[in-house]
Amino acid sequence: MIRFEICTSTWQWSRFTDFYIERRASIISSYPVSLVLRDVKNYMQQGRAAIIVNERDKVVGIGSFVLGLAEAGYEHKEIAVLGNSCFSEEVQNNRTFIRGLQVLAEQILEANPDVQEVRIPTSADNVYTNRLYQKLATKHHSFETGYGKFHVYSTPFREYAELCNRYR
């Protein structure tokens, strides 16, 4: 039995952060802890995050988003940007991913009922996530970072929510 916990307590945020730090290289190779901590601070202040916990109370996944664009000082709250998410091997090939997207859709709508768009950034080198996100959204733009090229996918929130709800 998998459960999703929205991070509200110090304990949940600590568990989220630990899981993220441990698996950061699987998301972006050579991603430093300092950037993970910056990300977590932004999720806490500008969005929300969740941990996915198994029946043994072990964290097996994380998901998050911010409202607004980082490059614009988190203005444009009508845009939700999904954060780095990852899952343990035990839940990668089941419905946990789509259920996680559903939870994020619910949380985005609760955080801002006027949200219009969802953006999903991913490393251009990550074949798996690019193939997956192309099924959910269209490529909006690409940009260079100190960790390589990134693609940003975009979809209207309504379409994102409808896709998530299709699998309920």
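The values are calculated or read from the model by the stated rules, or taken from the named source; none is laboratory data. All values derive from a computational prediction rather than experimental measurement. Here the Cβ positions follow ideal geometry from the backbone for every residue, glycine too, while neighbour counts run over all protein chains shown. Remember, those area values only see protein heavy atoms, side chains included, never the ligands or the DNA or RNA. Shrake-Rupley method; radii C 1.70, N 1.55, O 1.52, S 1.80 Å.
Just a few scattered comments:
- Rounded to the nearest 500, the 222 nm mean residue ellipticity of the chain from helices alone is -13500 deg cm²/dmol, with -39,500 (n - 2.57) taken per DSSP H run of at least 4 residues.
- Within segment 52-92: backbone nitrogen closer than 19 Å to the ASN130 label point (7 Å, Cα to C-beta): 84-85
- Built amide H within the under 5 Å cut-off of TYR153, gap 5+: ILE120, THR122, HIS140
- Put a plus charge on the Cβ of each Lys and Arg, a minus charge on the Cβ of each Asp and Glu, and nothing anywhere else: the dipole of the chain about its Cα centre is then about 320 debye.
- For the chain, the relative contact order comes to 18 percent (Cα pairs under 8 Å, sequence separation of at least 6).
- Near CYS7, the amide H atoms lying under 5 Å from its own belong to ALA49, ALA50, ILE51; only residues 5 or more places off or on other chains count, and H is placed 1.01 Å from N.
- Long-range amide H partners of GLY83 with built H, under 5 Å: SER64, PHE65, VAL66
- Structure-derived P(r) over Cα pairs in 10 Å bins from 0, in percent: which label, when the choices are (i) 10, 30, 28, 17, 10, 4, 1; (ii) 10, 35, 34, 18, 3, 0; (iii) 10, 41, 41, 8, 0: (iii)
- Here, P(r) means the percent of Cα pairs in each 10 Å bin from 0 to the largest distance; for segment 82-168 it is 16, 48, 32, 4.
- Segment 71-168, relative contact order [Cα under 8 Å, separation at least 6], %: 30
- Probe 1.4 Å, protein heavy atoms only - accessible area per residue of segment 11-52 in square angstrom: 49
- Residues in segment 50-63 carry Karplus couplings, in order, of 9, 10, 10, 10, 8, 5, 8, 6, 9, 5, 10, x, 9, x Hz; the curve used is 6.51 cos²θ - 1.76 cosθ + 1.60 with θ = phi - 60°, and Gly or Pro positions show x.
- GNM top mover of TYR133, TYR147, TYR43 - the chain, alpha-carbon springs below 10 Å: TYR147
- Partners for LYS77 among lysines (Cα-Cα distance below 19 Å; same-chain residues under 8 apart left out): LYS41
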